[in-house]
Each structure stands twice: as C-alpha cells, then as structure tokens.
C-alpha cells in the first residue's frame, strides 16, 4: 500500500482557529496529499464534510473548484469563513448536518476528515472540542453515514475521499462503499504516533480489543471511492 508524505505544502500557510476548532494534523495532511491527485479545475463542484479551520476546502478553492464546506460546529464555521476572508478565496461555509445542508445537490468531489476516534460514550458529543474526534464505541458513527450517503452526493464519475484511523476498520469502509455501488479502495496509509486523546483512553481501547498493549502508533488510511 502506498504511503503519502505528510507534507504541509499543499495546505494554506497561515490559518486561524477559534478555541475548540480542530487544527490541521497528520490526518489533514494525508488527505491533502490525496486531494492533490484529483482534478479540481475550474467549475469542479466540491463538498467538504466537517471543515474545521477550512484548510482543505481552501486548498481546493485555490485550484479553481467551487467549494461548499459544512460543519456542525459554529466555531468551526466561523473559523473557516474567517480564513476564507483572510485568504481572499470564495468559499461557501454552511452550518449544520451535511445531509440536511446538501439536499438535492451532487458534487464532482466529496472529501472528509470525519470524527473517527473510538470513545466510551455510545453517542458522539453534541458540544465541545471532542465533537471533532469522538465517534462512538467503534469510531464509525459518522463514517457509516458518509458511506451510506456517498452515492447520492456524487455526480456520475464523482469521487469520495475519506481519511480515518485503521482501528475503525478500513476493510469495513471499503465493503460498505462497494455495497453502495461505488468502486472503493485504500489508496494511502501513514503511521503516526499516538496523540493525547488515544493515550488518555489506552486502557479502554485495550479492553475493547481495538489496540494491543504495546501499540504506540496509529495507522491512518485514505479511502477513495468513485461512482460509475
């Protein structure tokens, strides 16, 4: 499996972030590298699900794409709008659930760095910074929704790019997308050190069988799916 370099050269150099908004990290950079391989020329209709600071949406906008970015967090929406203004880039940033805000629309490219960290709570949080990463006991609360909705969001020939942790089950994501009629595969991986969130819940992750006792690194995966 190819491994993408975690270079930040494809992301905007200067980004502001309001308190509680997810800063671009290794998963953001891995997805940016995958996005750089896609055709985002003038007129391409693009959707980002969960924009955070807007880093990836702005990257797409610099290449001429018409970008819609959606986030359930008001601080994230405000941050992305502010960064778009600072970089003088056209970006439509919408607040709310991606299903509700995209009704009746289809896109050439959809990409997402969704919440994917397994968490003890059965439901993802409704507020706070944890909203950007906690995603239920198997980490798939948002991933599975994107898999189910992807065919309806994509134009013919459209592409979905999604990054998440290997502990969430890359094969399950590929299988779900394939079951929805898309051609899907893992196109990039990267191994990164555990961050503070995973370290803080090591015992629980071990009890769930999601990690081994000696694990100190997390595998990230990018999954690409295309509609025929």
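The values are calculated or read from the model by the stated rules, or taken from the named source; none is laboratory data. On a predicted model such as this, the values are computed, not experimentally measured, just so you know. FYI the Cβ positions are ideal-geometry reconstructions off the backbone, even for glycines, and counts take in every protein chain you see.
Count, please, the residues in the stretch 184-209 that happen to be farther than 18 Å from residue 133 by Cβ and surrounded by 13 or more Cβ atoms within 10 Å (Cβ to Cβ).
7
If a residue must be in a strand (DSSP E or B) and in contact with a helix residue (DSSP H, G or I) (Cβ under 8 Å, 6 or more places away or on another chain), how many such residues does the stretch 147-164 contain? Reasoning before the result, please.
Restricting attention to the stretch 147-164, the residues satisfying the condition of being in a strand (DSSP E or B) are 154-164.
Narrowing further to those that are in contact with a helix residue (DSSP H, G or I) (Cβ under 8 Å, 6 or more places away or on another chain): 160-164.
The qualifying residues number 5.
From the list 129, 90, exactly one residue is surrounded by fewer than 20 Cβ atoms within 10 Å (Cβ to Cβ) and within 24 Å of residue 217 (Cα to Cα). Which is it? Step through it out loud before you land on a result.
Values: 90 fails: within 24 Å of residue 217 (Cα to Cα).
Exactly one residue qualifies, and that residue is 129.
Of the conditions (1) part of a helix (DSSP H, G or I); (2) under 22 Å from residue 122 (Cα atoms), residue 209 fails just one. Which one is it?
So the condition that residue 209 fails would be (1).
When you go through (1) modelled with pLDDT of 95 or more; (2) over 14 Å from residue 48 (Cα atoms); (3) surrounded by fewer than 23 Cβ atoms within 10 Å (Cβ to Cβ) one by one for residue 108, which number turns out not to apply?
Only one criterion is unmet by residue 108, namely (2).
Applying the selection to the stretch 57-76, what residues are under 10 Å from residue 94 (Cα atoms) and surrounded by fewer than 22 Cβ atoms within 10 Å (Cβ to Cβ)?
72, 74 - these are the residues of the stretch 57-76 that are under 10 Å from residue 94 (Cα atoms) and surrounded by fewer than 22 Cβ atoms within 10 Å (Cβ to Cβ).
Scanning for something over 17 Å from the mean Cα position of the chain (by Cα), on the phi > 0 side of the Ramachandran plot and touching a residue at least 60 places away in the same chain (Cβ under 8 Å), does the stretch 115-122 turn up at least one residue?
For the stretch 115-122, residues over 17 Å from the mean Cα position of the chain (by Cα), on the phi > 0 side of the Ramachandran plot and touching a residue at least 60 places away in the same chain (Cβ under 8 Å): absent.
What number of residues within the stretch 174-202 satisfy the criterion of being at pLDDT 95 or above and part of a helix (DSSP H, G or I)?
6
Would you mind finding the one in 167, 162 that is in contact (Cβ under 8 Å) with a residue 40 or more places away in the chain, under 15 Å from the mean Cα position of the chain (by Cα) and under 25 Å from residue 21 (Cβ atoms)?
One residue alone meets the criteria, 162.
So which residues in the stretch 105-146 are under 16 Å from residue 77 (Cα atoms) and assigned to a strand (DSSP E or B)?
112
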